[in-house]
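The values are calculated or read from the model by the stated rules, or taken from the named source; none is laboratory data. Keep in mind the model is a prediction, meaning the values are calculated, not measured. Positions of Cβ are backbone-derived with ideal geometry, glycine not excepted, and every protein chain shown enters the neighbour counts.
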Amino acid sequence: MASDPTSEVGMTMDQAKKVEDVAENNVQASLLDERTSRDSTVEAAVDVVADTYKHLMESEEYREIFKATCEAQGQDVDVSLNLLDDMMPEVIAMSKALMQSALEDERLSKPEGTTATRLDIRNWTPLLYATYGGKLDEVKAVVANLGDAVIQTAVESNGLTPLHLASMYGYMDIVRFFVQHGASHDAVTVDGATPLFLSSMNGHLDVIQYLVALGAVDGINRPINDGCTALIVAANRGYDAIVTFLVENGASSLATTNDGQTALHAASVNGHIGVVKYLLGIHTYTSYASTGCAVSPFYLAAQNGHLEVVELLVQVHHAPLTTGGTLTELAVAAMHGHVETVRFLIQAGASVEAALQSSDEYDGSTPLFLAIHGGSATCTNARSLEVAELLLTLGGANLEAKQTNGDTVLHFAVRSERLDAVRLLLGKGANANSPDAVRLYLCDTSP
């Protein structure tokens, strides 16, 4: 019968209960199993951290509990502790690989000590762990133990403050607590992100409203290092209410990222029709499309098959159809197998013969070539064939169009090993006898 764990170690009943909870599992067996089993998932290893010895990283108290647990199981304490210490580098490496998912299983207990002890290689402090967990009482416990100054000094290696973290996850009560205890809403990470930016990125309107009321409105257009603003990231995520609030409080809808993308680009690429409509109620399509970006909002919507956005831009806002040179809207939609977008663009007058000018093997390719290419690269064969069929029947695409190297669409299909496309093209009347290269591709009998 196991001995009473409180008999040899001066512990409270609460501590003894923790020993009993842990002692339900064989400590050494659990550690050795995780150490030797290469079939275990990384998540299982993190569970060991969470369920068996997470508290050991926080205070000597829990090492005493661990010792008592081993004694209660009749196991050698020194062997168990050495095994645990030996595993720590592996555990830390796993935690680094898992990043956020590893942290999901972490919960900070009542803090001990007088310093904000760093807990892992990402330099997270107890306050950051407590904030991540979203429990105000744990946050208050850390601050009460270490003082208000820890709110300013408990900073992650990339500059992430506790207020950043609370804003990112929408912990309104914790955000308010930090601000009331001196946190700066203007703090920026190494990437240039403010708490306002992170709350905008993650859809927390209540946090945004609170920060703006405090004066964060002065930095509402402050970009991160790549030029992205709170409005652009909110538009990218499709947060209609946040986009509206930011604009109403001074956010510039024509602000651009470093490569010229506006909030309309960001909304169009993900098909957020509500945001697209709202932004086009502020400025003309031309205003958004003439910022020097290599691609237009129209192109991005076509590339990703967002038909409703494409229709709005063409029919209501008269977005111009690209006629050639670069990838056209029709060509990129064809390449990605967006059947209904291709159908709409053909009916809207997009050129099915606009040829791509490039410095690679696709130089001179028309949308039909790119539809065939798409089946082996970016979409399913079935969709690429349906697009090719549309280009031929609805658009009247030229079966004998040639790339700059002289290859026809049939050459291209053979070279791409698309037997299904070869059959389609031959069925539509493609010339299998010109030039001889096609026969070589199909009938090579060399050893």
Against the condition among the β-branched types (Val, Ile, Thr) and at pLDDT 90 or above, how does Val422 come out, does it pass? no
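For (1) hydroxyl-bearing (Ser, Thr, Tyr); (2) over 24 Å from Ala230 (Cβ atoms); (3) crowded, with 19+ Cβ neighbours inside 10 Å; (4) at pLDDT 70 or above, each residue gets a yes or a no:
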site	(1), (2), (3), (4)
Leu127	no, yes, yes, yes
Asn145	no, yes, no, yes
Ala149	no, yes, no, yes
Glu156	no, no, no, yes
Taking the stretch 248-267 as the search range and keeping residues that are among the small types (Gly, Ala, Ser) and within 20 Å of the chain's Cα centre (by Cα), which one is surrounded by the fewest Cβ atoms within 10 Å (Cβ to Cβ)? Ala266
Only one of (1) out of contact with any His (no Cβ under 7 Å at 6 or more places or on another chain); (2) part of a helix (DSSP H, G or I); (3) closer than 27 Å to Gly349 by Cβ fails for Ala266. Which number is that? (3)
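Being within 21 Å of Leu160 (Cβ to Cβ), over 16 Å from the mean Cα position of the chain (by Cα) and of a type in the set (D, E, K, R) narrows it down to one residue among Asp240, Asp206; which is it?
Being within 21 Å of Leu160 (Cβ to Cβ), over 16 Å from the mean Cα position of the chain (by Cα) and of a type in the set (D, E, K, R) holds for just one of Asp240, Asp206, which is Asp206.
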Among (1) in contact with a Phe, Trp or Tyr (Cβ under 8 Å, 6 or more places away or on another chain); (2) of a type outside the set (Phe, Trp, Tyr); (3) surrounded by fewer than 21 Cβ atoms within 10 Å (Cβ to Cβ), Thr229 falls short only on (3)
